[in-house]
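Data block below; observations after.
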Amino acid sequence: MNGKVLIVEDQRALLNDFQKIFFSTGITVFKAETAVQGLKILDEEDIDVVVSHFRMHKRDGLQFLKEVRKEHPSVYRVLTSGFLDETMVFKFVSSGLICAFMVKPWKPDIVQGRITHILKVKIALQEKKLLDLINSIEKLPTLPYLFREMLLAMESNKSMQEIASVIKKDTSVSAKVIHVVNSAFFGREDISQVEEAAVYLGESVLKDIVLTAYLIDNTKWKSGQIKHLKEIFFHSFMVNKYIPVIYKLVYGKTFSKSDPSVGIIHDIGKIIILQYFPDRYESIVSEPGDSDFYHDELALGFEGYTHSEIGAYFLDWWNFPEVMVEAALFHHRPEKALSEYQHLFQVVNYTDKMVNYVWSKRNTQDLDFSRFYVKNVDRELIDKITQNLINDTREYKNIFDRLI
């Protein structure tokens with residue numbers, strides 16, 4: 001494994017300990033005792049990952065990483081500390097300021113495994129076939145200014161009213177947020193203000209819905225693409241809705257609120273393909289048989305630049321959290337993901353297949369959910385969930401006629 005990692009830490013002993021962890025791995029470690037030294041190394045070397053301590057003399061790690069994000073946005077940013085609580089970490093990750101967090105004191109095998117995995121993901125997103133495809137797009141999709149402004153407001157811990165005021169600058173997106181929150185998916189019919197919708201949805205879901213709306217509104221869709229677009233968003237929202245339900249059923253614990261709504265964003269690569277490579281999209285969905293979109297891509301020779309890699313590439317480029325990038329990249333291969341995400345992505349994969357199965361059957365009498373039975377899980381509960389899924393599928397048109 002090759003790669004360049006910069007560690008910024010004001011304790012020299014810890015710098016040396018970090019370097020020893022990667023001895024004989026092929027990974028080159030650069031050391032800096034101050035943020036100034038770190039920025040100088042970043043200017044001179046092609047660094048892949050920067051690891052910064054939270055508390056340092058003169059300039060804290062967060063301020064340093066803000067400068068790294070501004071001046072070197074492609075560098076993967078990791079924050080380390082021994083005392084940050086989960087709420088603070090989630091805030092930093094969900095805002096895009098950091099990509100990952102590592103707890104001190106370091107455990108050598110965990111640190112080496114984490115950094116190695118990060119480099120493997122970066123390598124996967126730099127494969128020639130994928131880059132050739134990306135480079136064939138004349139104008140790459142970027143996050144709109146107002147979306148970036150909303151992310152900055154969230155990062156700055158602004159109130160929901162202040163965040164809503166940013167969204168309200170775009171009347172079309174505001175209307176979509178209100179329409180979606182009043183759909184059957186969210187169980188409300190009485191919300192009329194963006195502020196109310198923002199509070200009800202929460203920052204994470206709100207961010208994903210606004211991103212979805214911007215992707216729709218800032219792209220010229222042909223009439224033939226609209227049907228596919230609705231199906232993609234229906235599928236993503238349905239997967240997102242049922243991930244917490246399945247997660248609790250399988251693991252017996254509540255889905256963590258600190259996890260972003262990975263279901264909404266996991267198939268974003270399909271949207272990119274549909275917009276920029278519509279002929280390819282049509283060829284994939286026209287494949288005969290009962291296999292899913294991903295396996296049809298593989299059958300057609302798109303390995304290495306499927307919708308998974310394409311989606312992960314843009315989420316990474318847009319500075320989305322690590323879990324979101326990996327959800328796009330590994331939702332069909334959860335065993336390849338970072339170990340701490342594998343249980344979550346196994347549920348994403350399971351739910352993805354379940355939703356696809358319901359969607360593919362025109363006659364619900366043909367449905368056989370025995371294939372989804374899980375060891376040590378009450379089959380009646382799975383049957384109940386799948387019946388709810390069928391009912392939601394029948395109601396999807398009400399939601400996506402509002403959104404698209």
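The values are calculated or read from the model by the stated rules, or taken from the named source; none is laboratory data. None of the values given here were measured: they were computed from a predicted structure. Neighbour counts run over all protein chains shown; Cβ positions are idealised from the backbone, glycine included.
Of the residues that sit in the stretch 60-84 and are in a strand (DSSP E or B) and either of a type in the set (D, E, K, R) or at pLDDT below 85 (or both), which one is nearest to Met102 (Cα to Cα)?
At the first step, the residues of the stretch 60-84 found to be in a strand (DSSP E or B) are 76-81.
Checking the rest, the ones that are also either of a type in the set (D, E, K, R) or at pLDDT below 85 (or both) come to 77, 81.
Details: Arg77: 11, Ser81: 7 Å.
Here the residue is Ser81.
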Tally, over the stretch 22-64, of residues that are touching a residue at least 24 places away in the same chain (Cβ under 8 Å), of a type in the set (Ser, Thr, Tyr) and either surrounded by fewer than 20 Cβ atoms within 10 Å (Cβ to Cβ) or more than 18 Å from Ile115 (Cα to Cα) (or both): 3
Across the stretch 297-318, the tally of residues that are touching a residue at least 40 places away in the same chain (Cβ under 8 Å) and either touching a His at 6+ places or on another chain (Cβ under 7 Å) or crowded, with 19+ Cβ neighbours inside 10 Å (or both) stands at 11
Test Ala198 against the stated conditions and say whether it is over 23 Å from Lys353 (Cβ atoms), among the small types (Gly, Ala, Ser) and at pLDDT 85 or above. yes
Has the stretch 176-188 got any residue that is more than 29 Å from Leu140 (Cα to Cα), basic (Lys, Arg) and outside any helix (DSSP H, G or I)? yes
Tally up the residues in the stretch 171-203 that are in contact (Cβ under 8 Å) with a residue 60 or more places away in the chain, of a type in the set (A, V, I, L, M) and surrounded by fewer than 20 Cβ atoms within 10 Å (Cβ to Cβ), please. 1
Here are some conditions: (1) assigned to a helix (DSSP H, G or I); (2) at pLDDT below 80; (3) in the same structural domain as His53 (by TED's automatic domain parsing). Leu151 meets all but one. Which one does it not meet? (3)
Residue by residue through the stretch 105-136, note down the ones that are among the charged types (D, E, K, R) and either surrounded by 15 or more Cβ atoms within 10 Å (Cβ to Cβ) or within 16 Å of Arg77 (Cα to Cα) (or both). Arg114, Lys120, Lys122, Glu127
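Sort through Ser236, Ser283, Ser204 and tell me the only one that's among the hydroxyl-bearing types (Ser, Thr, Tyr), closer than 26 Å to Leu140 by Cβ and at pLDDT below 85.
On the way: Ser236 fails: at pLDDT below 85; Ser283 fails: at pLDDT below 85.
Testing whether each residue is among the hydroxyl-bearing types (Ser, Thr, Tyr), closer than 26 Å to Leu140 by Cβ and at pLDDT below 85 leaves just Ser204.
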Can you confirm whether the stretch 264-281 contains a residue that is within 29 Å of Cys99 (Cα to Cα) and among the polar types (S, T, N, Q)? yes
